[in-house]
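*Asks:* Got a structure here, written out as structure tokens. Questions coming.
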Amino acid sequence: MKQVTAFRESQERLRHELKTIEAWEKAQKDIFFWEKLGRWPFMLLDRLTPKMIKDKLEQLLNELGSFIQNGGKYLVKEETVLNKLKKTAREHVIRQNGADSDVSPEPTWGLKQAAELPLTIMDQTADDITSGRITFATAQGATTGIGGVFTIAADIPILLGLSLKVLQEMALCYGFNPDEKQERIFIIKCMQFASSDIVGKKAVLEELALFDDPSRQAQVFSQMQGWREVVNTYRDQFGWKKLLQMIPIAGILFGSIANRSAIRDVAEAGKMLYRKRRILMRLVEEES
């Protein structure tokens, strides 16, 4: 799809888009009271949480560890996202050049070629994927709000899986490979960013500023040796939201809001942070 790369952004445009992302970073506000529930003492959470849900939350910890180490069962199919990118690219060329445009893909078209696509195509594909994931998560949350502790316990691995999958899809949209451990660490940092308060968000951004600097990568990766701390915080916040879903009738509303906001927030964080990395890489290429 060489004709697609002709629409890639200029240096000036890339710098403008980078400023937009930096403005988004500065605009990140503290978490709402809803999220602050997750900062309440863990002992209180432990006392109120039914054993079935506690077991699922512990499973969440173990599965996140497995994801970091080897991807586990949560790895997505690269081909699915690449096909979505190709479809969006074809539509983009047709809009720009007319219905008779030759938009046949290159014989070997993979992640390397996807990384060369214009940001417009990456952004549109990321938004389309996010929209579908949010719709599913909202319906899933409302359903689990009806069924009590049994369906809520079942919802926990489903929502975790959705969070990890949508972040991997964001990675692929911007030409990064979640099969690589480095990218899975980045994904966990995106999850941490999405669920952190304002101080935590700033700390994550400072860490990620070093992520693609070869001389500083060891420092970033060493910080992830304490990954259980990251997911413990995520688990505690997650636990409170699941408890609120057990309230009769209101649990339906809590469930749909909790799941919708969880997927929306991680997808937005993943999109913006991966987008920033791609822009910075292109600026380096242009200047070298």
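*Asks:* For the stretch 139-178: of the residues being within 17 Å of Gln192 (Cα to Cα) and among the polar types (S, T, N, Q), which is modelled with the highest pLDDT?
*Replies:* Taking the candidates together, the pick is Gln168.
*Asks:* So, Lys189, is that one modelled with pLDDT under 75, of a type in the set (Lys, Arg) and part of a helix (DSSP H, G or I) or not?
*Replies:* no
*Asks:* Show the residue pairs meeting these rules: Cβ distance below 6 Å; 6+ apart or different chains; first residue within the stretch 69-90 and within 10 Å of Ile121 (Cβ to Cβ); second residue at pLDDT below 85 and buried (at least 19 other Cβ atoms within 10 Å of the Cβ).
*Replies:* Ala89/Met1; Ala89/Val4
*Asks:* Among the residues of the stretch 160-183, write down those that are surrounded by fewer than 24 Cβ atoms within 10 Å (Cβ to Cβ) and more than 14 Å from Arg133 (Cβ to Cβ).
*Replies:* Listed by number, the residues that qualify are Gly175, Phe176, Asn177, Asp179, Glu180, Lys181, Gln182, Glu183.
The values are calculated or read from the model by the stated rules, or taken from the named source; none is laboratory data. Only a predicted model underlies this, so the values are computations on that prediction, with no experimental measurement involved. Positions of Cβ are generated from backbone atoms using ideal geometry, with glycine treated the same way; all protein chains shown enter the neighbour counts.
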